[in-house]
Amino acid sequence: MDYLQEYWSQIKNGKVVVSAHVKMVYQRLAKEAQANKGKWTYSIDHANYPIAFIEKYCRHSKGEWSGQPVKLELFQKAFIAVLFGFVSKKTGMRRFKKALFLVARKNGKSTMAAAIMLFLLIADGEGGAEVYSVATKKDQAKIIFREACNMIRQSPELTAIIKKHKTDLEFVDTFSRFEPLSADANTLDGLNSHGVSIDELHAIKGMDLYEVMEQSMSARQQALLLMTTTAGTVRESIYDERYEYACKVAEWQEGFRDDEFLPILYELDQKDEWKDPKAWPKANPGLGAIKQNDYLVKRVAAAKRSPRLLPGVLCKDFNIRSTDVTTWITYQAAVNQTVVGNDFLERSYAIGGCDLSSTTDLTCATLLIRKPNDNHFYVLQQYFLPQSRIDRLEATTSKEAPYQLWAEQGWMTICPGSAVNYHDVTDWFVQMVQKQNIRPLWIGYDRALSGYWVPEMVDYGFEMEKIAQGPFTWTQPMKEMAAAFEDHLVIYQDNPILRWCLTNTGEKSRNQDGIRSIQPVKLSENRRIDGMVSLLNAWTCYLKHYEDFMPYVR
């Protein structure tokens with residue numbers, strides 16, 4: 001049985017409801033498996049072997065299924081099949097070294113993780129395998145380990161070959177062991193991990209424990225780090241960093257095409273979907289089979305009656321991270337791969353915008369163009385970043401964004417030294433006028449960070465427009481921009497930096513005197529939204545001067 005293709009077929013045909021990220025991943029991998037191109041191949045034998053092991057030898061230890069063989073659901077089989085089924089054509093070694101499996105609580109993640117760790121301990125053919133369940137505290141680390149121990153007790157076959165010691169499990173035949181570890185252990189040095197299970201990643205605050213376990217796998221040819229988790233309430237943690245990275249990999253963003261990282265993210269696509277039972281399986285793939293539907297119905301009903309319960313329900317039952325910020329537009333709305341020729345945009349009047357940020361961070365210049373009898377909005381942008389910023393990121397091995405790649409592709413100008421050279425920003429606007437005959441009639445900018453730049457632009461003959469940065473000014477333009485993106489009317493030449501900024505943008509709202517106002521915010525601290533803000537300044541300027549601007553459209 002090909003569980004990857006079966007699951008993808010049910011997703012494609014609408015029989016299974018999944019999140020946008022899950023759909024993206026399985027669509028891409030199903031296509032890769034069929035094409036059989038590149039250095040990886042999909043082996044059904046490799047895919048099905050751990051599934052057969054789990055269903056034959058692992059048994060439930062809790063509740064109504066206690067003592068019964070584990071029968072994996074299709075979503076679990078598809079995940080395991082992909083995790084183990086893709087191998088190198090050259091060496092036969094596994095493709096995926098790390099996986100993040102995000103799923104709402106009560107969907108069988110601990111049972112699945114424990115079974116996978118037992119497979120790595122016993123049946124993966126690894127001599128001297130070291131398998132660890134890891135968490136910040138020992139009690140948390142023992143959850144997966146204890147589940148594995150209980151599986152062994154319920155299975156006569158596993159009991160016969162596994163020795164249970166006080167602190168670990170031993171598979172004598174291959175000198176392998178399975179042990180729970182915590183950050184407060186005496187030492188984590190000298191580990192040679194073959195399998196690592198990190199349960200409830202959201203509870204780990206710092207990077208140290210994750211990095212130590214990641215480094216401990218370096219000597220193994222096909223080690224696996226499996227992260228299973230629900231969403232959490234601690235922001236700017238390792239969970240946020242890994243989740244955001246997983247999103248970029250799932251979306252297969254340029255610079256984040258990590259084909260050894262498997263992101264499976266069961267979550268609601270929009271916060272408001274918690275009220276729609278048809279959307280619940282997006283975060284709860286085991287609903288009705290593992291997680292009781294009545295349980296979730298009661299949880300949602302209680303949250304509707306008592307708003308103080310809502311954050312917990314959103315976070316733990318639907319994987320909506322606890323924050324007062326919601327996503328501005330969907331990923332599908334942000335993506336528009338349409339590209340028009342330069343000759344089409346030449347000889348145009350435009351509205352300019354700029355987000356100067358600070359001299360040490362990302363800066364963006366924008367031109368917003370309209371065409372006669374055309375309801376599309378055409379956007380040209382150039383980004384600017386100091387070299388020192390890139391150097392600092394490389395020194396910390398940060399994967400914030402592929403700035404160097406974007407510079408090589410021409411989307412970004414890297415300014416020598418430690419600050420953005422605003423003369424480069426001026427020069428871009430000048431070059432657009434002189435070389436492409438695209439002339440901005442007004443350029444909207446943030447008056448707080450303009451410095452010497454505005455007088456310089458005025459000297460070149462540009463009409464500069466102060467744009468107050470805040471909800472009073474931005475609410476209506478931001479709503480109209482969102483509608484235009486939802487209708488795919490904004491053609492931005494498939495600029496990957498703007499697409500990245502759009503998907504980084506959250507919407508913070510407030511309701512005062514019955515009037516709802518909004519403004520853009522970063523979904524998390526290390527995300528950048530400068531391109532969106534630059535476009536928003538241009539859009540605000542466009543709406544203000546609409547009647548004067550449109551007669552110039554050509």
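Every read-out reported here was derived from the displayed coordinates using simple, explicitly stated rules and does not represent laboratory data. Worth saying up front: this structure is predicted, and the values here are computed from it rather than measured. All Cβ positions, glycine included, derive from the backbone under ideal geometry; neighbour counts span all protein chains shown.
Computed with the Debye formula from one identical point scatterer per Cα of the stretch 1-49, without solvent, the log10 of I(q)/I(0) at q = 0.29 Å⁻¹ comes to -1.12. Dividing the mean sequence gap of close Cα pairs (under 8 Å, 6+ apart) by how many residues the stretch 42-151 holds gives a relative contact order of 27 percent.
From helices alone, the chain scores -12000 deg cm²/dmol at 222 nm; the rule is -39500 (n - 2.57) for each run of n ≥ 4 DSSP H residues, then divide by the residue total. Be a star and scan the stretch 401-423 for residues whose amide nitrogen sits under 17 Å from the point 7 Å along the Cα-to-Cβ vector of GLU254. Label zone hits: 401-414.
On the principal axes of its alpha carbon atoms, the chain extends 85, 52, 46 Å, with the longest extent given first.
When peptides 80-90, 191-201 are sorted by average Cβ neighbour count within 10 Å, with the highest value leading, the order is 191-201, 80-90. A Förster radius of 30 Å combined with the Cβ-Cβ distance from SER9 to GLN221 puts the calculated FRET efficiency at roughly 0.35.
The length gained on full extension between GLU64 and ARG554, counted as 0.36 nm times the residue separation minus their Cα-Cα distance, comes to 169.3 nm.
For the chain, the relative contact order works out to 13 percent when only alpha carbon pairs closer than 8 Å and six or more residues apart are counted. With a ≥ b ≥ c taken as the square roots of the eigenvalues of the C-alpha gyration tensor of the stretch 331-552, please select rounded if a/c is under 1.5 and otherwise prolate if a/b is larger than b/c or oblate if it is not? Rounded.
Protection proxy ranking of 59-67, 347-355, 118-126, by the mean of other Cβ atoms within 10 Å over each peptide's residues and highest first, is 347-355, 118-126, 59-67. Treating r as the C-beta distance of ARG510 and LYS90 and R0 as 60 Å, the FRET efficiency rounds to 0.60. The stretch 488-554 and the stretch 139-189 have their alpha-carbon centroids 53 Å apart.
Relative protection proxy for 541-549, 138-146, from highest mean packing down: 138-146, 541-549 (other beta-carbon atoms within 10 angstrom). Taking the DSSP beta bridges with both ends in the chain, the antiparallel portion is around 45 percent.
Using a ≥ b ≥ c from the Cα gyration tensor of the stretch 3-265 (square roots of the eigenvalues), is it rounded, prolate or oblate, where a/c under 1.5 gives rounded and otherwise the larger of a/b and b/c decides, a/b for prolate? It comes out rounded by the Cα gyration axes. With Cα atoms defining each centre, the stretch 415-472 and the stretch 354-390 are spaced 10 Å apart in the structure.
The stretch 214-259 and the stretch 38-81 have Cα centres separated by 22 Å.
Label reach from TYR452 (point 7 Å along Cα→C-beta): in the stretch 358-387, amide nitrogens under 15 Å belong to 359. For GLU170, the shell of other residues with beta-carbons less than 9 Å away shows a net charge of +2, using +1 for Lys and Arg and -1 for Asp and Glu.
Remark: for residue pairs LYS316/LYS479; LYS137/LYS166; LYS62/LYS278, the C-alpha separation exceeds 22 Å in LYS316/LYS479; LYS62/LYS278. Among the listed pairs LYS271/LYS508; LYS466/LYS544; LYS142/LYS248, those with a Cα-Cα distance over 22 Å are LYS142/LYS248.
Ignoring lysines fewer than eight residues from LYS435 along the same chain, the ones with Cα atoms less than 22 angstrom from its Cα are LYS371. Computed from the C-beta positions of GLN436 and LYS56, the FRET efficiency with R₀ = 41 Å rounds to 0.05.
Taking every C-alpha pair closer than 8 Å and separated by at least 6 residues, the mean separation divided by the residue count of the stretch 277-358 gives a relative contact order of 19 percent.
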